[in-house]
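Computed from the coordinates by the stated procedures, all read-outs in this text should not be read as laboratory data. Since we're looking at a predicted model, the values are computed, not measured. Because the Cβ atoms are built from the backbone with ideal geometry, glycine has one as well, and the counts that use them run over all protein chains shown.
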Amino acid sequence: MELPTLTNVRDINMSKDTKEQNNVLQFEVVKNVTLPLLKPQLDVPVYIKVLDPIYLGKKVEQDKEPATIANIVNLETGEHCQILVPAVLAGIFEDEYPDNAYVNKCFKLTKHPKASGKRYHLFTVLEITVK
């Protein structure tokens, strides 16, 4: 869901007189507090723009480390989302883009099956431009 900058809303709870006087309520979205999660599927590319540096989420379970998260835009839909960033993908970004240089860049990410004997998925990462 793309964040609108200015939206018109009709309030159905207003009286008829109030509606006639104040027909349209205008507001501006300040912050999208809840973001959906984009989950890449095996061998299906996703096209994203990274909005902020990768960060650690909240610790939810006592015996597990917090998830590594990135705020992104799904370039196919324009929706602002979050993506869980596995260690392999985080390592690629950190090695290839020091000092968070991946922020505000666009990428094609493809998640691949686990290699035999490995516990993690491999990723293909291509930096792209939007035309």
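Counting charges near residue 50 (Lys, Arg +1; Asp, Glu -1) among other residues having Cβ under 13 Å from its Cβ returns a value of -1. Other residues within the sphere of radius under 12 Å centred on the Cβ of residue 129, judged by their own Cβ, net out at +3 (K and R +1, D and E -1). Cross-link partners of residue 31 among lysines, defined as those whose alpha carbon lies under 20 angstrom from its own and excluding same-chain residues fewer than eight positions apart: 49, 58. Using Cβ point charges alone (K and R +1, D and E -1), the dipole size of the range 32-128 about the Cα centre works out to roughly 320 debye.
For residue 51, the residues whose modelled amide H falls within less than 5 Å of its own, excluding neighbours fewer than 5 places apart on the same chain, are 71, 72, 73, 104.
Taking neighbour counts of Cβ atoms within 10 Å as a proxy for exposure, in what order, fewest first, do 112, 80, 121 appear?
The order, fewest Cβ neighbours first, is 112, 121, 80.
Extension gain, residue 128-residue 24: 0.36 nm per intervening residue step, less the Cα-Cα distance, totals 33.4 nm.
Taking Cβ atoms as reference points and 12 Å as the exclusive limit, the residues near residue 102 contribute a net charge of -4, counting Lys and Arg as +1 and Asp and Glu as -1.
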